[in-house]
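The values are calculated or read from the model by the stated rules, or taken from the named source; none is laboratory data. All values reported here derive from a predicted model rather than from experimental measurement. Cβ placement follows ideal geometry from the backbone for every residue including glycine, while neighbour counts extend to all protein chains displayed.
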Amino acid sequence: MDDAKLKDGQGRVANFQNCYVVMTSNIGATIEEVRGIGFAAETKTVESQRLDLIKQVFSPEFVGRLDEAVDFNDLSEMKDFMKIIDVHLAPQIEDLKAHNINVAFNDNAKEYIVNKCLKEKLGARPIKKAIETYFQTPVSEAFCAEAFKAGDTIVVSAPENDNAGDGLTFEYKGPEMLRLGAPKKEKALNMN
């Protein structure tokens, strides 16, 4: 690291002299501020707790080369998760648009996916898998069942109540009529 060169397993050397190296970690993800009791009690800040943990996990030589450790706030607001969902949905929606198929993804459907992910308490990590499970797979199955065609719009929404099943609901609206679900294929509507 002192020479700003990195060698991979095949002996190739990469120069990162004019680069910022950003590393992420979950070290300290569960730290909360600990307050002492009494007038002379010390307050151990989150920053000092984090530094203690970094020193426990990494070697002193590595810690000495770090310029800064930056804390990120927890994702706690629905709008944060909605932005992440939009980022993950964008390429899939663009792929469908390339085939002249439009997608109208209701906010309640996005909230449904967020709520499924929040149950796992893993932050935003499960969002990609949830989109695959609740959107990509059902749409692929409906496409194979010819539930929609070029020129149609797929309207994606969440079930109105928890007893309506587990999954998003899809309406396939063609220019000439409204078609609900994949013909002769129930699974395209009840997505798990």
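Evaluating MET78 against the criteria (1) of a type outside the set (D, E, K, R); (2) closer than 30 Å to THR153 by Cβ; (3) in contact with a Phe, Trp or Tyr (Cβ under 7 Å, 6 or more places away or on another chain) leaves one unmet condition, (3).
Looking only at the stretch 88-119, filter to residues that are closer than 21 Å to ASN26 by Cβ and surrounded by 12 or more Cβ atoms within 10 Å (Cβ to Cβ); which one of those is modelled with the highest pLDDT?
Taking the stretch 88-119 and keeping what is closer than 21 Å to ASN26 by Cβ, we get 88, 114, 117-119.
Checking which are surrounded by 12 or more Cβ atoms within 10 Å (Cβ to Cβ) leaves us with 88, 114, 117-118.
Values: HIS88: 93, VAL114: 86, CYS117: 81, LEU118: 76.
Taking the candidates together, the pick is HIS88.
The residue list LEU168, LEU189, LEU180 contains one member that is at pLDDT below 70, out of contact with any Cys (no Cβ under 6 Å at 6 or more places or on another chain) and either outside the structural domain of ASP107 (by TED's automatic domain parsing) or under 21 Å from LEU89 (Cα atoms) (or both), which is LEU189.
If only one of LYS128, LYS116 is part of a helix (DSSP H, G or I), touching a His at 6+ places or on another chain (Cβ under 6 Å) and within 20 Å of LEU75 (Cβ to Cβ), which one is it? Talk me through it step by step, then tell me what you get.
Values: LYS116 fails: touching a His at 6+ places or on another chain (Cβ under 6 Å).
Going through LYS128, LYS116 in turn, just one is part of a helix (DSSP H, G or I), touching a His at 6+ places or on another chain (Cβ under 6 Å) and within 20 Å of LEU75 (Cβ to Cβ): LYS128.
What are the residues in the stretch 114-135 that are within 12 Å of the chain's Cα centre (by Cα), of a type outside the set (Lys, Arg) and within 22 Å of LEU96 (Cβ to Cβ), if any? Scanning the stretch 114-135 gives VAL114, ILE127, ALA130, ILE131, GLU132.
In the list PHE81, PHE58, PHE72, which residue meets the criterion of being surrounded by 15 or more Cβ atoms within 10 Å (Cβ to Cβ), under 18 Å from VAL22 (Cα atoms) and of a type in the set (Phe, Trp, Tyr)? Give the steps one after another, and end with the answer.
Numbers: PHE81 fails: under 18 Å from VAL22 (Cα atoms); PHE72 fails: surrounded by 15 or more Cβ atoms within 10 Å (Cβ to Cβ).
Going through PHE81, PHE58, PHE72 in turn, the sole match is PHE58.
Considering only the stretch 37-55, I want to know if a residue exists there that is under 26 Å from ILE127 (Cβ atoms), modelled with pLDDT under 85 and assigned to a loop (DSSP other than H, G, I, E, B). No, the stretch 37-55 contains no residue that is under 26 Å from ILE127 (Cβ atoms), modelled with pLDDT under 85 and assigned to a loop (DSSP other than H, G, I, E, B).
With the condition kept exactly as written, say whether any residue in the stretch 147-156 is without any contact (Cβ under 8 Å) to a residue 12 or more places away in the chain, among the polar types (S, T, N, Q), outside the structural domain of ASN26 (by TED's automatic domain parsing) and farther than 29 Å from SER25 by Cβ. Within the stretch 147-156, not a single residue is without any contact (Cβ under 8 Å) to a residue 12 or more places away in the chain, among the polar types (S, T, N, Q), outside the structural domain of ASN26 (by TED's automatic domain parsing) and farther than 29 Å from SER25 by Cβ.
Taking GLU111 as the residue in question, decide whether it is in a helix (DSSP H, G or I), over 15 Å from the mean Cα position of the chain (by Cα) and either outside the structural domain of TYR172 (by TED's automatic domain parsing) or in contact (Cβ under 8 Å) with a residue 24 or more places away in the chain (or both).
Details: in a helix (DSSP H, G or I): yes; over 15 Å from the mean Cα position of the chain (by Cα): no; either outside the structural domain of TYR172 (by TED's automatic domain parsing) or in contact (Cβ under 8 Å) with a residue 24 or more places away in the chain (or both): yes.
Taking the combined requirement at face value, the residue does not satisfy it.
Quick check, is ASP71 among the acidic types (Asp, Glu) and not in a helix (DSSP H, G or I)? It is true that ASP71 is among the acidic types (Asp, Glu) and not in a helix (DSSP H, G or I).
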